[in-house]
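Data first, discussion second: the structure below is written as structure tokens.
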Amino acid sequence: IGYSLDATGAVCAVPQGLLLSPAVGRPVAGDVAAAAAGSWLPVEEPIPPPMPVAFCAGAEDEGRTRLLCYGDSLTAGFCAGGRIFEPYGQALAEALAAAGACTSCEVSVCGHSGHLAAEMVANLDGEQVQDLALRHGKGLRRILDEQEQ
């Protein structure tokens, strides 16, 4: 995966072998002319935080309600063709706090893009599980064990 700037200056992830076309604003195969003309500039790849990522809402206190959302790319929150990372865990934490369901909420998100349930089961104890989006997370049992300590 490479990264490019689109016409608006936004950083976009581009799968290897594809370039973003200014005309359509999405990846198309073989658009070498745009790259040669300098329409798309490579940018340094940002280092995504390892999963799980925690979102907190409400007051900080000792009795914080903690939830873990564990799954695939839907849980990870990739949308817009993989260019935007917006896990639903953030909205869930805010909604729970706003609804008064908890005075203090922490929602952790660990999504393994492209992994099937069988792969998640095979990696239950994994310390560094890499998904198809090249993000690293942990296995479900490992996360739960670490959070108990």
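What follows draws every value from the coordinates through simple rules; no lab data is involved. Model, not experiment: these values are computed from the prediction. Cβ atoms come from the backbone with ideal geometry, glycine included; neighbour counts cover every protein chain shown.
When THR75, THR103 are ordered from fewest to most other Cβ atoms inside 10 Å of their Cβ, what list results? Provide the component values of the computation, followed by the final result.
Values: THR75 20, THR103 15.
Neighbour counts put them in this order, fewest first: THR103, THR75.
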**Message:** How big is region 53-148 along each principal axis, measuring the range of its Cα positions in Å and listing the largest first?
**Reply:** 36, 34, 17
**Request:** Would you grab the residues whose amide H sits under 5 Å from the one on PHE78? Only those 5+ places off in sequence or on another chain, please, with H modelled 1.01 Å from N.
**Result:** GLU86
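Relative to the present Cα-Cα distance, how much length would full extension add between ALA117 and GLU146 at 0.36 nm per residue of separation?
Values: separation 29, 0.36 × 29 = 10.44 nm, distance 2.14 nm.
Gain in length upon complete extension: 8.3 nm.
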**Asked** How large is ³J(HN,Hα) for each residue in region 126-135, as worked out from phi by the Karplus curve 6.51 cos²θ - 1.76 cosθ + 1.60 (θ = phi - 60°), to whole Hz, x for Gly and Pro?
**Response** x, 8, 9, 9, 9, 9, 6, 8, 6, 8
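What order do you get for HIS115, HIS136 when you list them from fewest to most C-beta neighbours inside 10 Å?
Lowest count first: HIS136, HIS115.
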**Complete:** Amide H contacts under 5 Å for ASP72, restricted to residues at least 5 apart in sequence or on another chain and with H modeled in the peptide plane, are HIS112
